[in-house]
Amino acid sequence: MLDFGLKRTMKRVFSGFRPTGKQHIGNYLGVIRNCVSLQDEYDCIYCVVDIHALTTLESTKTLQEDTYEMVLDWLAAGIDPQRCILFVQSHVPQVMELHTLFGMVTPLSWLLRVPTFKEKVKMQPHNVNYGLVGYPVLMAADITLYKGEIVPVGEDQLPHLELTREIVRRFNSTFGNVFPEPQAKLTSFPSVLGLDGAQKMSKSYNNHIEIAAPPEEILKRVMTAITDPARKYRSDPGHPDICNIFSLHKFFAPSRVEEIASDCRTAGIGCVDCKKMLAQSISSSLEPFREKRAMLASKPDYIAEVLADGANRAEAIARETMKEVKDKMGLVQRVHLEHICD
Ligand code: SF4
């Protein structure tokens, strides 16, 4: 059994999230709820990956605000800084150092074959920056700097994690064991359709509902949603299984879905009333969240304090890891002058 110096009783989860500003119900149902429940079983480290965001951002004007709003939503939704470490990637500079050192054991050919790199090159041919190709190396540094053992991923992200594992294997076999090979925790994040009923809920398609939206905004957004396209008149029977509003009822009013499905199929309910019911269910389920968010937002320095404390705790782990890494790689450890003068 390899000893990675881990003296914890719970396994460590690492997960990184791009700062995307106010979160929508797709983020909430798909990712945030899962992260909240992982806190019960694992030693969780959650990181806002602002450096990763720089690889694709056209402008950084809203980056600070997006980070703040996202963290506020996460905290209000149940991410508990007493039970996890929540911090911003760029606040722990050792990740850049480890990224550079991992660059020395990562063949360029591994990076050039990554499908998402090829996709990004097509999407932003005017900006094929180094960050795009080095992205998986930085991701490997993110996870391993904190000796992350478990990484929650959807099936589509498995190839990225496999690359991290390859980098870890290459490093450990070249220099000696420092890092655990992180394992995937395959998670089926429910994919939430947007209000257009056609694409995944996303701010970029403007088909979303923010979880912090007030009830009147929720109602306004829900009323714009596309429903069963075959149901043209109130008297037409509907097909709930192909209706996006119905799929959202499943999340927000699970005890009423059978009744709603039956009323829809028999034209016992019209789409307008059905949408109003959904808006009401979303609003009431998110009411405790909105109250907590408003309370946290009223404390002027709260977010900065949470992130500062998270960065301190993350950096303490990072410093230890980097000492080991440099030692194994044969780099001369820096000695501070005060130690020499003593
Ligand atoms: S009644 Fe509800 S479930 Fe049925 S088609 Fe209309 S919105 Fe969809």
Over the stretch 161-202, relative contact order from alpha-carbon pairs under 8 Å, at least 6 apart, %: 26 percent
Förster-model FRET efficiency, 22 Å R0, ASN127 and GLN199, C-beta, rounded to 0.05: 0.35
Exceeding the 25 Å Cα-Cα cut-off - candidates LYS147/LYS200; LYS203/LYS232; LYS11/LYS118; LYS11/LYS200; LYS185/LYS292; LYS203/LYS275: LYS147/LYS200; LYS203/LYS232; LYS11/LYS118; LYS11/LYS200; LYS185/LYS292
The chain, accessible surface, carbon-and-sulfur percent (1.4 angstrom probe): 55 percent
Solvent exposure of the stretch 97-223 as accessible area per residue, Å², 1.4 Å probe: 47 Å²
Extension reserve of the GLU217-ALA304 stretch, reckoned as 0.36 nm per residue once the Cα distance is removed: 28.5 nm
Contact order normalised by residue count of the chain, Cα under 8 Å, 6+ apart, percent: 21 percent
Separation of alpha-carbon centers, the stretch 74-96 and the stretch 145-183, rounded to whole Å: 20 Å
Neighbour cut-off at most 16 other Cβ (10 Å), DSSP loop, GluC sites (Glu not before Pro), the stretch 43-106: GLU58
The chain: calculated mean residue ellipticity at 222 nm from DSSP helix runs of at least 4, using -39500 (n - 2.57): -15500 deg cm²/dmol
Crossing angle, helix 271-285 versus the chain [Cα axis fit, 0-90 degrees, rounded to tens]: 40 degrees
In degrees, nearest ten, helix 302-329 long axis to first principal axis of the chain (Cα): 40 degrees
Segment GLN157-SER262, extension gain: residue separation times 0.36 nm, minus the distance between their alpha carbons: 34.0 nm
Rel. contact order, % - alpha carbon contacts under 8 angstrom, at least six apart, the stretch 50-137: 36 percent
Full-extension gain in nm, TYR233 to HIS339, via 0.36 nm per residue minus C-alpha separation: 29.9 nm
Estimated inter-spin distance, ILE242 and SER255, nm [label 7 Å along Cα→Cβ]: 3.2 nm
Highest-fluctuation residue, LEU286, LEU296, LEU57 considered, GNM on the chain with Cα pairs under 10 Å: LEU57
Rounded to 10°, Cα long-axis angle of helix 158-175 versus longest principal axis of the chain: 10 degrees
Residue among LEU98, PRO125, LEU195 farthest towards the positive dipole end of the chain, charges placed on Cβ: PRO125
The stretch 245-342, accessible area per residue, ligands and nucleic acids excluded (1.4 Å, Å²): 60 Å²
The chain - charge dipole about Cα centre, Lys and Arg +1 at Cβ, Asp and Glu -1, debye rounded to 20: 600 debye
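The values are calculated or read from the model by the stated rules, or taken from the named source; none is laboratory data. Predicted model only: the values in this text are computed from it and were never measured. Neighbour counts are summed over all protein chains in view; Cβ atoms, including those assigned to glycine, are modelled from backbone coordinates with ideal geometry. Just so you know, the surface numbers come from the protein's heavy atoms only, side chains and all, with ligands and any DNA or RNA stripped out. Shrake-Rupley method; radii C 1.70, N 1.55, O 1.52, S 1.80 Å.
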